Amino acid sequence: MSPLASITAKVLAGDRLSDADALCLFESHDLAAIGELAAMANERRNGRRVCFNVNRHVNYTNVCVNRCRFCAFRRDQGEEGAYLLAVEEIRAAAAEALRQGATEVHMVGGLHPDLPFDAYLEMLRAVKSVSPLLHLKAFTAVEIDHLSRIGGLPLRDVLLRLREAGLDSLPGGGAEIFAEPVRERLCGDKISGARWLEVMETAHRCGLRSNATMLYGHLESPGDRVAHMARLRELQDRTGGFQAFVPLPFQAENTPLRDEAVRVAGGVDDLKTVAVARLYLDNFAHIKAYWVLLGEKIAQVALTFGADDLDGTVVYERIGHEAGAGSPRGMSREGIVRLIRKAGREPVERDSLYNEVRR
Ligand code: V47
């Protein structure tokens with residue numbers, strides 16, 4: 001039996017794929033067959049529904065003490081273009097989001113050298129003061145680790161304090177790629193992959209759900225991608241706290257990595273990565289095609305390659321766009337619905353915990 005035939009047999013039988021299987025899929029050029037298999041695995045789980053939410057991204061600061069080489073968003077304090085939103089500006093953004101029908105605020109930022117622990121609690125309270133019904137998905141595992149250091153508190157206490165102030169769930173950012181030598185070259189100042197996973201495990205054990213991301217198309221190998229997903233799958237087996245996996249294709253413009261021989265992904269790699277994720281991460285309910293970085297066209301095609309989620313309306317994205325993402329800054333609800341319908345799928349507006357809001 002050819003390797004692809006044996007993988008197909010496993011998927012049909014509902015058996016778990018091995019790391020070697022995932023690597024074999026990454027190395028195969030039979031994109032159509034991989035896509036068909038992933039679409040089938042997705043339909044078995046999610047039917048023909050594709051979900052999205054009406055949300056608003058808020059990046060409270062671009063000042064960051066880390067110097068990740070994939071990032072075009074960060075600034076040093078005092079550098080031209082550096083900013084820190086005032087609490088009132090955050091409240092105003094949340095109020096505008098609510099008026100526009102948003103159910104979620106997605107708030108992340110850089111590691112600011114001077115912001116005290118209480119400032120983070122204030123930000124959360126400001127959003128919640130607009131409406132307790134706005135779901136607050138905020139702070140990556142990297143920010144949570146930073147808060148634990150500046151607050152002198154164990155992770156669990158940080159998370160409980162944040163939850164008390166309004167935190168509802170965690171986004172999946174900051175995972176990048178776990179493989180040590182690559183992570184060191186890519187973002188040597190950042191917390192390790194092991195620490196990222198520890199933060200997520202603690203969050204899940206506190207009852208907070210989260211997402212998981214993987215930044216790809218830079219210095220990593222297919223084996224590094226599989227190893228990254230293996231560690232996510234292992235944690236998910238133990239906690240079940242991840243909601244969605246979000247593969248993030250690297251955008252090189254304006255980043256320190258732009259002139260290096262990075263392996264920027266093309267459309268084929270993007271679609272294959274979505275499909276392999278759907279097939280390998282059998283304990284993740286949702287695979288998100290993040291249209292902001294994939295572009296609307298590839299994200300739409302990804303809906304027939306195993307993805308069942310498009311993220312949301314976003315409204316004003318900065319991290320990907322400062323690195324050259326060619327997509328619009330935000331999309332209307334109608335635009336997302338149209339995109340899903342034209343892919344022959346059924347659009348479902350969801351809330352942040354994947355309950356149906358409207359169909
Ligand atoms: O951690 C930074 C990535 C992430 C670049 O959880 C870049 O639902 C590509 O995590 N090219 C932040 N990517 C965004 C993120 C996210 C986005 C949407 C939904 C969710 C979710 C999470 O963006 C960072 C990093 O991995 N990033 N710079 C770049 N040049």
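The values are calculated or read from the model by the stated rules, or taken from the named source; none is laboratory data. All figures in this text were calculated on a predicted structure; none of them were measured in a lab. Every residue, glycine as well, gets a Cβ built from its backbone with ideal geometry; the counts of neighbours run over all protein chains shown. Ligands, DNA and RNA are excluded from the accessible area calculation, which covers all protein heavy atoms including side chains. Shrake-Rupley method; radii C 1.70, N 1.55, O 1.52, S 1.80 Å.
Please pick out the residue among Leu197, Leu170, Leu160, Leu235 that is touching a residue at least 12 places away in the same chain (Cβ under 8 Å) and within 14 Å of the ligand (Cβ to nearest atom).
Working: Leu197 fails: within 14 Å of the ligand (Cβ to nearest atom); Leu160 fails: within 14 Å of the ligand (Cβ to nearest atom); Leu235 fails: within 14 Å of the ligand (Cβ to nearest atom).
Exactly one of Leu197, Leu170, Leu160, Leu235 is touching a residue at least 12 places away in the same chain (Cβ under 8 Å) and within 14 Å of the ligand (Cβ to nearest atom), namely Leu170.
Which residues, taken from the stretch 143-157, are touching a helix residue (DSSP H, G or I) at 6+ places or on another chain (Cβ under 7 Å) and either within 16 Å of the ligand (Cβ to nearest atom) or of a type outside the set (Val, Ile, Thr) (or both)? Scanning the stretch 143-157 gives Ile144, Asp145, Leu147, Ser148, Gly151, Pro154, Leu155, Arg156.
Taken over the stretch 248-264, the criterion of being within 10 Å of the ligand (Cβ to nearest atom) and out of contact with any Lys or Arg (no Cβ under 6 Å at 6 or more places or on another chain) is satisfied by Leu248, Pro249, Phe250, Gln251, Glu253, Asn254, Thr255, Arg258, Val264.
Say whether the condition of being under 18 Å from Gly320 (Cα atoms), over 18 Å from the mean Cα position of the chain (by Cα) and either more than 12 Å from the ligand (Cβ to nearest atom) or among the polar types (S, T, N, Q) (or both) is met by at least one residue in the stretch 32-55. No; the residues of the stretch 32-55 include none that is under 18 Å from Gly320 (Cα atoms), over 18 Å from the mean Cα position of the chain (by Cα) and either more than 12 Å from the ligand (Cβ to nearest atom) or among the polar types (S, T, N, Q) (or both).
Residues to consider are Val264, Val314; find the one that is open to solvent by less than 50 Å² (accessible area, probe 1.4 Å) and at pLDDT below 95. Let's see the steps before the verdict.
Details: Val264 fails: open to solvent by less than 50 Å² (accessible area, probe 1.4 Å).
Of the residues listed, the single one that is open to solvent by less than 50 Å² (accessible area, probe 1.4 Å) and at pLDDT below 95 is Val314.
Looking at the stretch 347-354, is at least one residue within 13 Å of the ligand (Cβ to nearest atom), outside any helix (DSSP H, G or I) and surrounded by fewer than 14 Cβ atoms within 10 Å (Cβ to Cβ)? Scanning the stretch 347-354, I find at least one residue that is within 13 Å of the ligand (Cβ to nearest atom), outside any helix (DSSP H, G or I) and surrounded by fewer than 14 Cβ atoms within 10 Å (Cβ to Cβ), so the answer is yes. Going through (1) under 21 Å from Asn66 (Cα atoms); (2) open to solvent by less than 10 Å² (accessible area, probe 1.4 Å); (3) not in a loop (DSSP other than H, G, I, E, B) one by one, Leu257 falls short only on (3). The strands (runs of 3 or more DSSP E) falling completely within the stretch 1-112 that include 2 or more residues that are touching a His at 6+ places or on another chain (Cβ under 8 Å) map to 55-59, 104-108.
Is it the case that the stretch 76-86 has a residue that's within 16 Å of the ligand (Cβ to nearest atom) and open to solvent by 30 Å² or more (accessible area, probe 1.4 Å)?
Kept after step one, since they are within 16 Å of the ligand (Cβ to nearest atom), are these residues of the stretch 76-86: 81.
So of that shortlist, the ones also open to solvent by 30 Å² or more (accessible area, probe 1.4 Å) come out as 81.
Checked against the condition, which is being within 16 Å of the ligand (Cβ to nearest atom) and open to solvent by 30 Å² or more (accessible area, probe 1.4 Å), the stretch 76-86 yields at least one hit.
Filtered by the rule that a residue be under 20 Å from the mean Cα position of the chain (by Cα) and surrounded by fewer than 18 Cβ atoms within 10 Å (Cβ to Cβ), the stretch 183-204 gives Ser192, Ala194, Arg195, Glu198, Glu201.
On the given criteria, is Glu180 of a type in the set (Asp, Glu) and farther than 17 Å from His106 by Cβ? Criteria met by Glu180.
From Gly306, Gly326, Gly330, Gly344, which residue is more than 10 Å from the ligand (Cβ to nearest atom), surrounded by fewer than 22 Cβ atoms within 10 Å (Cβ to Cβ) and modelled with pLDDT of 95 or more? So that I can check it myself, show each step before the final result.
Working: Gly306 fails: surrounded by fewer than 22 Cβ atoms within 10 Å (Cβ to Cβ); Gly326 fails: modelled with pLDDT of 95 or more; Gly330 fails: modelled with pLDDT of 95 or more.
Checking each option against the conditions leaves just Gly344.
Out of everything in the stretch 113-128 that is outside any loop (DSSP other than H, G, I, E, B) and of a type in the set (Asp, Glu), what residue ends up being farthest from the ligand (Cβ to nearest atom)? Selected residue: Asp118.
Against the numbered list (1) within 30 Å of Gly81 (Cβ to Cβ); (2) open to solvent by 40 Å² or more (accessible area, probe 1.4 Å), Val54 comes up short only at (2).
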